Ligand SMILES: Nc1nc2c(c(=O)[nH]1)N[C@H]1C(S)=C(S)[C@@H](COP(=O)(O)O)O[C@H]1N2
Ligand SMILES: [Mo]
């Protein structure tokens, strides 16, 4: 992608803020093929609204609410296989928090809505010996982890709404993880599977040297992330 095109996209991104979510949807549909064609550093993030869009695969995988499934398995009493409607039918939890990437950008006061991960775990019933969770994305590559104690916090959601709208494809919809007290890389997008495990299995960026415990303000702060 040429420099002028890129600057044009930046301007469109800014316009998206002013025009609202319909323009933003259009922008994301238009940009998705650009990201897919060029998986280099330059286009591995896109400025959309106040956020940058990250995707380690260079694509924005899309699943409609109708086809969306979320599985919860591993060390549980009752494995779950939930649809989008099943998530909406569970007790909703709202949360407004700053969203911060380890590379330094931050979006203040983002409004999220979803299901407490803790509620999902209660529904599945966590079995003996369980100490951690592993998360898988339907992008087929990205993974994340939390300890069971972290996962049970009241600021950790399986989120399906952001800023009052269904979470867009670019932001990891139909449903993504939101680990509000930690850096953005813990908040796995395009959530497909949660596996309850007996040990922490380090996630995608953690295998590349990032802290497994990614508390915002912790030792992790650095700006040499290849995804910037
Ligand atoms: N599946 C997937 N989830 C992901 C990532 C990714 O590349 N793929 N990037 C992570 C990082 S580093 C950040 S900062 C946030 C960015 O969220 P956003 O793209 O909605 O701005 O998503 C996180 N979750
Ligand atoms: Mo990030």
Practice problem: Give me the number: length gained by fully extending residue 215 to residue 77, i.e. 0.36 nm times residue separation minus the C-alpha to C-alpha distance, one decimal in nm. | Solution: 46.7 nm
Quiz item: In nm, to one decimal, how far is the residue 141 label point from the residue 165 one, both placed 7 Å along Cα→Cβ?
Solution: 2.6 nm
Practice problem: Would you mind computing, in nm to one decimal, how far apart the modelled labels at residue 111 and residue 63 are, each placed 7 Å from Cα along Cα→Cβ? | Solution: 2.7 nm
Quiz prompt | Label-point separation in nm, residue 50 to residue 207, each point 7 Å along Cα→Cβ | solution = 3.4 nm
Quiz item: Which value does Rg/Rh take for segment 69-208 over its C-alpha atoms, Rh per Kirkwood?
Solution: 0.93
Quiz item: Stretched out fully, how many nm does the piece from residue 88 to residue 122 gain, at 0.36 nm a residue minus the Cα gap?
Solution: 10.6 nm
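Where a number appears in this text, it was derived from the coordinates with a stated rule and is not lab data. These numbers come from a predicted model, not from an experiment. Cβ atoms come from the backbone with ideal geometry, glycine included; neighbour counts cover every protein chain shown.
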